Amino acid sequence: MSFSTLGLSEKVLAAVEASGYTEPTAIQAGAIPYVLERRDVLGIAQTGTGKTASFTLPMITLLEKGRARARMPRTLILEPTRELAAQVEDNFNRYGVNHKLNVALLIGGVSFAEQDRKLERGADVLIATPGRLLDHFERGKLLLQGVDILVIDEADRMLDMGFIPDIERICKLIPFTRQTLFFSATMPTEIQRLTDTFLQNPAKVEVAKASTTADTVTQRIAAADAEDYEKRAKLRELIEGAEDLQNAIVFCNRKRDVATLFRSLVRHEFSVGALHGDMDQRSRMTMLDNFKKGHIKVLVASDVAARGLDIPTVSHVFNFDLPIHAEDYVHRIGRTGRAGREGTAISIVTGKDQKALQAINDVIGKELEWVGEPVDFSKPADDKKSRRRSTRTPKEKSRSRKPKAEVQEAAVQETESVPAGLEEQPVVPMHAERRAAPPRPRGGRRANQPKDDAIFRNASHVPAFLLRETRSKVQSR
Ligand code: AMP
């Protein structure tokens, strides 16, 4: 099927062609004709399916008629996170290159003044997170009675984040005669209730069964002992051993673990950045941008980055922790294998993760395979050694042959390296470029080793084995 059969305008088709897309994805082929017919649409699709263009392309076509008036946006798109909102804005910029659309982004964490100016000028497209939208409305800077098309994106994520009351309120502020486009990856009962209330005779377009994972993602699990430093060693081993690794997102469950793991990877000279919900907006956007441009190869992230982020070419996803909610597994690994590309997702599993693993297997409807030999955690503890041996590389083995005291010292040094309180703060620095280790005499610390060496700047003491010359790990390609 070609885009030209869907009813999009010539200008939009030209922009699509310039993007290099030749065929619509299933959600695009299914939803675009209904949107152009001005029907309400209920789209059940996960991110990575081309969902964003399924509403932006027809919206731009429809917006060709009419013009914006001050403080009265013509269309409104609600997104659960600032990153998603910014991505939708990117889509409008890309597909709207042949149009003169005024797009206003209303997200938290940035000043009101610029947003006020854009509203005052008149917005064809308003992309907003619910809280900031209501703030503007309450300040009297925004009138919603001109909204013709309302898009509610990632509704199940909105539910997770507690935004449903805001969404209900916003729906009531917009004229009943509007067209509503509603997207969700899953349809829990609360979402069903919302669609029953606010959609009118919607065309339902479902492209993949909820909670299925893309076929293009190779999924594996890798065993590690439950201590965090063992998991960090396993992660490094997996990153170093990964075939065709272009870049990777590593997910942690808690933001303090994002900070700790980030620092550990910096110390081990990976090109790494971090992303979590407590970082200010500017740092988050810059970090994402650096990752997209390839300046950072590994991005350690909390679940705030799991849903909806459009980073088109992520080759690998690693779960440092199995997600607390099995559904999040689907969203996390959906960061790779997008739009038909190949991807790999590897999750670290410890003996404590049996229930979580079972829940994931249930959600995805299959048993995840192990990297290497299958591991049975129910075996008694003295079986642990042989279990571990089967998954360790020669390098790992040589590390484990170090005197016990030294290995423990490394563990302590890593866990203590995040000063109290810092783990809750935005993570800096932006990234660490990998550097070749300068030559040094064997055996112990070099005389000229600078005390504030960037890699070890948080360490009060650096164990000798960490100062050994290292081979390059993730190379810039
Ligand atoms: P989304 O599900 O909207 O986040 O889109 C996932 C990725 O697919 C984005 O990188 C889009 O740029 C890309 N994409 C969207 N539509 C197409 C298409 N028709 N062909 C190929 N890639 C697409």
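Pairwise over distinct Cα atoms, reciprocal of the mean inverse distance: report the Kirkwood radius of the stretch 151-234 in Å, one decimal place. Each step should come with its number before you reach the end.
On the way: mean 1/r = 0.0629 Å⁻¹.
Across the stretch 151-234, the inverse of the average 1/r is 15.9 Å.
Annotation: amide H of VAL41 within the under-5 Å range of THR180, LEU181, PHE182, ALA203, sequence separation 5 or more or interchain, hydrogens built in the peptide plane. The largest-to-smallest principal axis extents of the Cα set in the stretch 3-206 are 44, 40, 29 Å.
What is the stretch 221-292 by shape, rounded, prolate or oblate, if you read a ≥ b ≥ c off the alpha carbon gyration tensor as root eigenvalues and call it rounded for a/c under 1.5, prolate for a/b larger than b/c, and oblate otherwise? Could the numbers behind the result be given before it?
Working: a/c = 2.16, a/b = 1.41, b/c = 1.53.
It comes out oblate by the Cα gyration axes.
Near ALA274, the amide H atoms lying under 5 Å from its own belong to VAL300; only residues 5 or more places off or on other chains count, and H is placed 1.01 Å from N. Peptide packing: for 42-52, 323-333, 362-372, 99-109, the average count of neighbouring Cβ atoms within 10 Å per residue gives the ranking 42-52, 323-333, 99-109, 362-372, highest mean first.
Just so you know, the Cα atoms of the stretch 217-370 work out to an Rg and Dmax of 14.2, 40 Å. Dividing the mean sequence gap of close Cα pairs (under 8 Å, 6+ apart) by how many residues the stretch 217-370 holds gives a relative contact order of 34 percent. At what distance in angstrom do the alpha carbon centres of the stretch 26-73 and the stretch 107-124 lie from each other? When both Cα centres are located, 23 Å separates them.
Cross-link pairs exceeding 18 Å between alpha carbons, from the set LYS231/LYS352; LYS234/LYS366; LYS255/LYS293; LYS65/LYS141; LYS234/LYS352: LYS234/LYS366; LYS255/LYS293; LYS65/LYS141.
Values in this text are rule-based calculations from the coordinates and carry no lab data. The structure presented is a predicted model; accordingly, all values stated were derived computationally and were not measured. All Cβ positions, even for glycine, are placed from backbone atoms using ideal geometry, and neighbour counts span all protein chains on display.
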